[in-house]
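Everything on this sheet refers to the single structure shown next.
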Amino acid sequence: MFRIEGPVRLAGQVDVRGSKNASLPIMAAGILVGGKTTLKGVPNLSDIAVFGQLLEELGCKVAKTDGGDLCIDSTVIDNPHGDYEIVRKMRAGICILGPLLARCGRAEVSMPGGCAIGDRPVDIHIRGLRELGAEIHLANGYIVADAPHGLVGKNIFLGGPFGSTVLGTANVMMAATLAKGKTVIESAACEPEVSDLANCLNKMGAKITGIGSPRLVIEGVKQLSPVEYQVIPDRIEAGTFMVAAAVTAGQLRITNCRLDDLMAVVDKLRGVGVTVEAADNGCVVSRSGPIIPADITTQPFPGFPTDLQAQFMTLLALADGNSIVVEKIFPDRFMHVAELNRMAANLRKEGPAVIIAGVKRLMAAPVMASDLRASAALILAGLAAYGTTTVQRVYHIDRGYEKIEERLNSAGAKIVRENV
Ligand code: EPZ
């Protein structure tokens, strides 16, 4: 657990690590090349380690160099099976399905199962791969997929009830790179992590155009080759640090951060009275005046990211008036609400929305993390709250933030990690 003394005013510099959500599908792309891929800038996170185990189960060799590069050798894939014991811990495991189908002509991958942030079906992944000619059925909780004669390119509409799907686009795009003929993915996700994957695939020899737009065109090729690739910085981590500066009325220089990936976030921060100035390789974020209330609705990129919804709720809990947060991607993603109310916030859930009546101060309390971004929101609340906050189940935060307490402490936070 974390023991956090507050309130503090953060001051100093924090460096953003590589993107978790770009690294995971790019690790899966290593399956497609039948050789040694070297990835640079991959963060040291438990999710990355678990994904490495998943690839090793398939037959890959996964190793970290002294320099911190991640090497994935997929020369041998003799067991195209994604085990429940691993996929249940990390839903992103689902994105080995498309590459395995394209590389081996068959795959068996566990259905991901339940998630704290809400219902997360994979029906669109399956629909897209079926469109490419795969025969897919479910057996004993596993997705069993076959494409004995290879995949064939097609025009595919990949939109769903909540708009585009990030990992669904990744899965179908990776499979289409080795399919016969042309594939058009309409309503593709435009997240920077999807573009990073597409850029990596093109470096491997794929032919993908329309990157960053909702219409991806993929000309199938015979084979892909191993590459060395640098993953993009983590925009959600950068956004979390921006909110840390704002919620503590501090000033942080955030490096290795691409403002282009965060325009909706920066726009919202400036709207609530936070100063965000572009700087070399990043930005400087500060706040000196009151927090202005705001309305936030989460949307697919380039809209406001759902992965920063919880952190902004902590900020708006201290605003000078009422705010509303509407969660349009994961309508049940509000596990942090009750915990923030334990810290004297005044939040009321109304369906897929939360009404926030701003309070003058948060009070420290023992709280429980339920998922990755909820735990980030509770840590930010602990930085601003009066007294000693304890956050249990820190393993959630380690899934997506590398040694976050050390980096925040270097900017004036007082966080201690304790074994319980
Ligand atoms: C990715 O999850 C991210 N995970 C999530 O980040 C992020 O919250 C999400 O995209 C949205 O931005 C990774 O990249 C590893 P989706 P993904 O498919 O791809 C529905 C974090 O905190 N849907 O874009 O699983 C789905 O239920 C994590 O780092 C279907 O209905 O999300 C949701 O409502 C949490 N059927 C919406 O679409 C499908 O087949 C968007 O989900 C697929 C999705």
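Please verify whether GLY113 is touching a Pro at 6+ places or on another chain (Cβ under 7 Å), at pLDDT below 95 and either not in a loop (DSSP other than H, G, I, E, B) or not hydroxyl-bearing (Ser, Thr, Tyr) (or both), treating the condition exactly as stated. Answer is no for this residue.
On the given criteria, is ARG88 in contact (Cβ under 8 Å) with a residue 24 or more places away in the chain, open to solvent by 40 Å² or more (accessible area, probe 1.4 Å), under 21 Å from GLY35 (Cβ atoms) and more than 10 Å from the ligand (Cβ to nearest atom)? So ARG88 fails the test.
Tell me, which residue of the range 195-210 that is open to solvent by 60 Å² or more (accessible area, probe 1.4 Å) and not hydroxyl-bearing (Ser, Thr, Tyr) is nearest to GLY168 (Cα to Cα)? Within the range 195-210, the match that is nearest to GLY168 (Cα to Cα) is ASN199. The residues in the range 159-192 that are closer than 18 Å to THR37 by Cα and either open to solvent by 10 Å² or more (accessible area, probe 1.4 Å) or more than 16 Å from the ligand (Cβ to nearest atom) (or both) can be counted, and the count is 2.
Please work out which residue is nearest to VAL50 (Cα to Cα), limiting yourself to the range 124-134 and to residues that are near the ligand (Cβ under 8 Å from one of its atoms) and not hydrophobic (A, V, I, L, M, F, W, C). Show your work before the answer.
From the range 124-134, those near the ligand (Cβ under 8 Å from one of its atoms) are 124-127; that's our starting set.
So of that shortlist, the ones also not hydrophobic (A, V, I, L, M, F, W, C) come out as 125, 127.
On the way: HIS125: 21, ARG127: 27 Å.
Restricting to residues being near the ligand (Cβ under 8 Å from one of its atoms) and not hydrophobic (A, V, I, L, M, F, W, C), the top hit is HIS125.
Among all residues of the range 311-327, there is at least one that is modelled with pLDDT of 95 or more, within 16 Å of the ligand (Cβ to nearest atom) and part of a loop (DSSP other than H, G, I, E, B).
Table: residues versus (1) β-branched (Val, Ile, Thr); (2) within 24 Å of SER23 (Cβ to Cβ); (3) at pLDDT below 95; (4) not in a strand (DSSP E or B).
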| site | (1), (2), (3), (4) |
| --- | --- |
| LYS89 | no, yes, yes, yes |
| PRO99 | no, yes, no, yes |
| HIS125 | no, yes, no, yes |
| LEU129 | no, yes, no, yes |
| ILE143 | yes, yes, no, no |
| PRO148 | no, no, yes, yes |
| MET173 | no, yes, no, yes |
| LEU178 | no, yes, no, yes |
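Matching residues to (1) more than 16 Å from the ligand (Cβ to nearest atom); (2) open to solvent by less than 30 Å² (accessible area, probe 1.4 Å):
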| position | (1), (2) |
| --- | --- |
| GLY212 | no, no |
| LEU216 | no, yes |
| ILE232 | no, yes |
| ILE236 | no, yes |
| MET263 | no, no |
| CYS283 | yes, yes |
| SER288 | yes, no |
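Scanning the range 305-333 for residues that are open to solvent by 10 Å² or more (accessible area, probe 1.4 Å) and among the aromatic types (Phe, Trp, Tyr) yields a single hit, PHE330.
What tally of residues in the range 32-73 results from selecting those that are in a helix (DSSP H, G or I) and closer than 19 Å to VAL227 by Cβ?
Within the range 32-73, the first condition is being in a helix (DSSP H, G or I), and the residues that meet it are 32, 46-58.
Right, trim to closer than 19 Å to VAL227 by Cβ and you get 32, 48, 51-52, 55.
Adding up the residues that qualify gives 5.
For first residues located in the range 278-301 and within 18 Å of VAL326 (Cβ to Cβ) and part of a strand (DSSP E or B), partners that are open to solvent by less than 50 Å² (accessible area, probe 1.4 Å) and polar (S, T, N, Q) and lie 6+ apart or on another chain with Cβ distances below 8 Å form the pairs ASP295/SER323; ILE296/GLN309; ILE296/SER323; THR298/THR306; THR298/GLN309. May I ask you to verify whether GLY18 is within 16 Å of the ligand (Cβ to nearest atom) and of a type outside the set (Ser, Thr, Tyr)? Yes: the conditions hold for GLY18. Where strands (runs of 3 or more DSSP E) fall entirely within the range 338-420, none has at least 1 residues that are within 16 Å of the ligand (Cβ to nearest atom), open to solvent by 50 Å² or more (accessible area, probe 1.4 Å) and of a type outside the set (D, E, K, R). Being surrounded by fewer than 22 Cβ atoms within 10 Å (Cβ to Cβ), within 16 Å of the ligand (Cβ to nearest atom) and not hydroxyl-bearing (Ser, Thr, Tyr) holds for only one residue in PRO99, PRO25, PRO121, and it is PRO121. Can you find even one residue in the range 42-59 that is more than 21 Å from GLY160 (Cβ to Cβ), open to solvent by 40 Å² or more (accessible area, probe 1.4 Å) and in contact with a Leu (Cβ under 9 Å, 6 or more places away or on another chain)? No, the range 42-59 contains no residue that is more than 21 Å from GLY160 (Cβ to Cβ), open to solvent by 40 Å² or more (accessible area, probe 1.4 Å) and in contact with a Leu (Cβ under 9 Å, 6 or more places away or on another chain).
The values are calculated or read from the model by the stated rules, or taken from the named source; none is laboratory data. Quick caveat: nothing in here was measured; it's all calculated off a predicted structure. So basically every Cβ, Gly included, is an ideal-geometry build from the backbone, and we count neighbours across all protein chains shown. Note: accessible area is taken over every heavy atom of the protein model, side chains too, but ligands, DNA and RNA are not part of it. Shrake-Rupley method; radii C 1.70, N 1.55, O 1.52, S 1.80 Å.
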